[in-house]
Amino acid sequence: MGNLKNLRKSFGRYLLRKKSKALKRNVIAHNFSTAKTAGVLFYITDDNSFDYIKEFLNFLKSNNIQVVALGYINSTKTPEELLIRQNINIINKQDLKWNSIPKGEIVDQFINKDLDLLFDLSLKNSFALKYISSLSKASFKISIESNYHNSSDLMINIKKDESLKYFIEQIKHYLGIINHTN
């Protein structure tokens, strides 16, 4: 059974590589004052991580950045309390095709949305989130530094403290010092 699962995932990775090669996007380094739109991807692991994500979304909104958020939960059912969040969509295992590729209108809209910034806040490897991040047309993509997140424009090393709180602090720091010139 494990070999079949690996074969399915391998096919999903093959399709991602193929689609990634065809993706054309204009890379522009944005900061919090130049960005008008942002997308936030995240992997839900616990309530604490979700609290940090909500705080970060509020931070972006306080900088007059229009935000869309998409989370993934490694479950076949999404808890009721996560479904009632405004501008936050959640996908789960039911939203994946047989080859682990995420499907549905929510996913397609997120991928095709014109975004100035894309933050992949997932600290755990999730092929579904990598697929969405890789194919996003966002102008500037930010993630943790890893071989897994190789489609990002800015990768931040968090080996010092591998927590979501620290990662968000580093995002604020580095995007705060990026100067944007036309």
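The values are calculated or read from the model by the stated rules, or taken from the named source; none is laboratory data. Since we're looking at a predicted model, the values are computed, not measured. Here Cβ is always computed from backbone atoms with ideal geometry, including for glycine, and neighbour counts include all displayed protein chains.
Structure notes:
- A single member of 137, 130 is more than 14 Å from residue 70 (Cβ to Cβ) and in contact (Cβ under 8 Å) with a residue 12 or more places away in the chain, and it is 137.
- Residue match in region 151-170 (condition: closer than 24 Å to residue 33 by Cβ and under 11 Å from the mean Cα position of the chain (by Cα)): yes
- Contact annotation: no residue pair with Cβ atoms under 8 Å, 6 or more positions apart or on different chains, pairs a residue in region 7-31 that is farther than 26 Å from residue 140 by Cβ with a partner that is surrounded by 15 or more Cβ atoms within 10 Å (Cβ to Cβ) and of a type in the set (Asp, Glu).
- Single residue of 152, 133, 143 found to be assigned to a helix (DSSP H, G or I) and in contact with a strand residue (DSSP E or B) (Cβ under 6 Å, 6 or more places away or on another chain): 133
- Some residue of region 48-67 being at pLDDT below 85 and either among the aliphatic types (A, V, I, L, M) or under 23 Å from residue 115 (Cα atoms) (or both): yes
- Here residue 80 fulfils each of the conditions (1) at pLDDT 90 or above; (2) out of contact with any strand residue (DSSP E or B) (no Cβ under 9 Å at 6 or more places or on another chain); (3) not β-branched (Val, Ile, Thr) apart from (1).
- Of the criteria (1) at pLDDT below 95; (2) in contact with a helix residue (DSSP H, G or I) (Cβ under 8 Å, 6 or more places away or on another chain); (3) surrounded by 14 or more Cβ atoms within 10 Å (Cβ to Cβ), which one residue 92 fails: (2)
So that you can scan it fast, the table gives a plain yes or no per residue for (1) outside any helix (DSSP H, G or I); (2) under 25 Å from residue 14 (Cα atoms):
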| residue | (1), (2) |
| --- | --- |
| 34 | yes, no |
| 49 | no, no |
| 68 | yes, no |
| 71 | yes, yes |
| 89 | yes, no |
| 107 | no, yes |
| 111 | no, yes |
| 124 | yes, yes |
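- Within region 14-56, the residues that satisfy the criterion of being within 15 Å of residue 130 (Cβ to Cβ), under 17 Å from the mean Cα position of the chain (by Cα) and of a type outside the set (A, V, I, L, M) are 20, 39, 42, 43.
- Selection count, region 30-63, where residues are within 12 Å of residue 122 (Cα to Cα) and of a type in the set (Val, Ile, Thr): 4
- Residue 44 at pLDDT below 90 and either surrounded by 14 or more Cβ atoms within 10 Å (Cβ to Cβ) or touching a helix residue (DSSP H, G or I) at 6+ places or on another chain (Cβ under 7 Å) (or both): yes
- The residue list 20, 10 contains one member that is exposed (fewer than 13 other Cβ atoms within 10 Å of the Cβ) and either on the phi > 0 side of the Ramachandran plot or not in a loop (DSSP other than H, G, I, E, B) (or both), which is 10.
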